[in-house]
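Each value in this text was obtained by applying a stated rule to the coordinates, not by laboratory testing. Since the structure is predicted, the reported quantities are computational estimates derived from the model, not experimental observations. Don't worry about glycine lacking a Cβ; one is built from the backbone with ideal geometry, like all the others, and counts go over all protein chains shown.
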Amino acid sequence: MIVADTDVLIDFLRGHAVVADRIAMEIEKGLMTTVVSEFELWAGATGSKKREKKLEALLGGLTILPLDSTGAKMAAEIQDAEKRRGRTMHVADSLIAGICINNRAVLLTRNKKHFEGVSALTLGNF
């Protein structure tokens with residue numbers, strides 16, 4: 001199962017060729033994203049009816065994975081591990097990673113550096 005990170009969905013909405021082609025292909029196969037990415041996308045689209053409509057159409061074609069207790073615990077463990085390594089990870093990124101690990105999903109992202117310390121997380125390639 002493939003889960004799209006916020007950055008690649010933004011690129012898709014903006015029509016960036018390489019990313020847009022890959023996301024379109026994955027949507028046909030049952031692409032997913034997380035509720036965290038959904039929030040981040042809505043936060044960026046709110047206030048523009050045009051962006052809201054495009055986002056609504058995109059989200060309608062995706063399965064949205066929720067944050068449950070197991071995913072939240074995994075995200076907290078990721079935060080702790082990164083802190084012990086002397087690194088700071090954004091809460092949203094740790095939540096996305098926790099959801100993906102909990103669902104045994106591959107995360108499709110351009111921001112590999114954000115997730116490189118999370119050994120249990122599988123990252124997809126473009």
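Does segment 29-71 classify as rounded, prolate or oblate by the C-alpha gyration tensor (a ≥ b ≥ c root eigenvalues; a/c under 1.5 gives rounded; else a/b over b/c gives prolate, otherwise oblate)?
Working: a/c = 4.01, a/b = 1.54, b/c = 2.60.
The shape class here is oblate.
Hey, if you put +1 on the Cβ of every Lys and Arg and -1 on every Asp and Glu Cβ in segment 44-126, which of Ala81, Gly117, Leu55 ends up farthest toward the positive end of that dipole?
So the residue we want is Leu55.
Would you mind checking Lys53/Lys73; Lys49/Lys73; Lys29/Lys54 for any pair whose Cα atoms are more than 25 angstrom apart?
Working: Lys53/Lys73 34 Å; Lys49/Lys73 36 Å; Lys29/Lys54 20 Å.
From Lys53/Lys73; Lys49/Lys73; Lys29/Lys54, over 25 Å: Lys53/Lys73; Lys49/Lys73.
Please give the Cα centre distance for segment 54-126 versus segment 13-29, rounded to the nearest Å.
About 20 Å separates the Cα centre of segment 54-126 from the one of segment 13-29.
Give the cross-link partners of Lys113 among the aspartates and glutamates, using a straight C-alpha distance below 12 Å as the criterion and excluding same-chain residues fewer than 8 apart.
Partners found: Asp93.
So which lysines pass the test for Lys112, namely a Cα distance under 20 Å, with those fewer than 8 places away in the same chain ruled out?
Within the straight-line limit of under 20 Å, Lys112 reaches these lysines: Lys83.
Rounding to the nearest 10 and keeping the result within 0 to 90°, find how far the Cα-based axis of helix 17-29 lies from the longest principal axis of the chain.
Approximately 80 degrees, to the nearest 10.
Between Lys113 and Lys50, what FRET efficiency comes out of the Förster formula 1/(1 + (r/R0)^6) with R0 = 25 Å and r the beta carbon distance, rounded to 0.05?
Using R0 = 25 Å, I get an efficiency of 0.20.
Nearest 10 degrees, 0 to 90: what angle lies between the long axis of helix 35-45 and the longest principal axis of the chain (Cα atoms)?
That helix lies at roughly 50 degrees to the long axis.
Give the residue from Pro66, Cys100, Ser37 lying farthest towards the positive end of the charge dipole for the chain; charges sit on Cβ (+1 for Lys and Arg, -1 for Asp and Glu) and the dipole is referred to the Cα centre.
Selected residue: Ser37.
Would you kindly state how much longer the chain becomes between Lys83 and Phe39 on full extension, computed as 0.36 nm times their sequence separation minus their alpha carbon distance, in nm to one decimal?
13.4 nm
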